[in-house]
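Contents: one structure, followed by commentary.
The values are calculated or read from the model by the stated rules, or taken from the named source; none is laboratory data. Owing to the predicted nature of the structure, the values given are computational and were not obtained by experimental measurement. Reconstructed Cβ throughout: ideal geometry from the backbone, glycine too, with neighbour counts over all protein chains shown. To get the accessible areas, we keep the full protein, side chains included, count just its heavy atoms, and leave off ligands, DNA and RNA. Shrake-Rupley method; radii C 1.70, N 1.55, O 1.52, S 1.80 Å.
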Amino acid sequence: MITLYGSMHSRANRCAWMLKELGIDFHHEPTNFLDGSTHSPEFLQINPNGRIPALEDQGFTLFESLAINLYLAKKAGGELAPQNLQEDAFMMQWTIWAITEIEKPLLLASANNLLFAPESRNVEEFNLAVKKLSRPWDVLNNHLENKEYILGDRFTAADLNVAAVMTLVPTANIDISAWPNMQAWLHKCLERPAADDWKHVNFTIPRPDSHLGMLAMFV
Ligand SMILES: N[C@@H](CCC(=O)N[C@@H](CS)C(=O)NCC(=O)O)C(=O)O
């Protein structure tokens, strides 16, 4: 039996989405960084980073939410998995792209729209984040011209991983209508029944009280 570690209010919901999409039964351990359980000696054996999510599959352990998803898709085979080396490369490309180009600015926009307390939100930071996002979003929007999904006409691990990072778009409340192909694609992905967990995510982040603190949080 596969065990997924991590509260659903964390990036663990990305992996729950993949497990549910694949119809894999799993045991869920709601390890939580708020109560210190991500730093217990037992958990550090599973993920020495002391972060969630992590996965255990019959003694094999893995960390990094999107790497876990690629592993699960390939292990299961089928539609979500790469069918050849080029598809595998594209899934890796879009996955790495999502984490490096999208995740941090989108988190910054989300913090300044909802996750920070209202009095500590900063509209300039929000606008800066949206400006940073517009470049990769132009790329994705152009890529999706005349395509249903990132690899073509079927939903794959590439869509799941990129859309899982973009579950923060509603939290950031960014108007993405300037990217219509991307908007339609994101809606299609996030409304899949297996994706439901992200809709219940509810958390706040205290704003660091200095510029250096902000750098430490977002770098
Ligand atoms: N790149 C990692 C990030 C994991 C991560 O930062 N998880 C957060 C929860 S969403 C965490 O465990 N934070 C607690 C901490 O950093 O101590 C992944 O995608 O799995």
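Points to keep in mind about this one:
- For the range 44-58, a tally of residues being more than 17 Å from N69 (Cα to Cα) and open to solvent by 10 Å² or more (accessible area, probe 1.4 Å) returns 4.
- Pairs meeting the criteria (first residue in the range 143-167 and over 17 Å from E79 (Cα atoms), second residue open to solvent by less than 20 Å² (accessible area, probe 1.4 Å) and among the small types (G, A, S), beta carbons under 7 Å, at least 6 apart or on different chains) are V165/A98.
- Of all residues in the range 192-219, those that are in a loop (DSSP other than H, G, I, E, B) have Cβ atoms under 6 Å from Cβ atoms of residues that are of a type in the set (S, T, Y), 6 or more apart or on another chain, in R207/S120.
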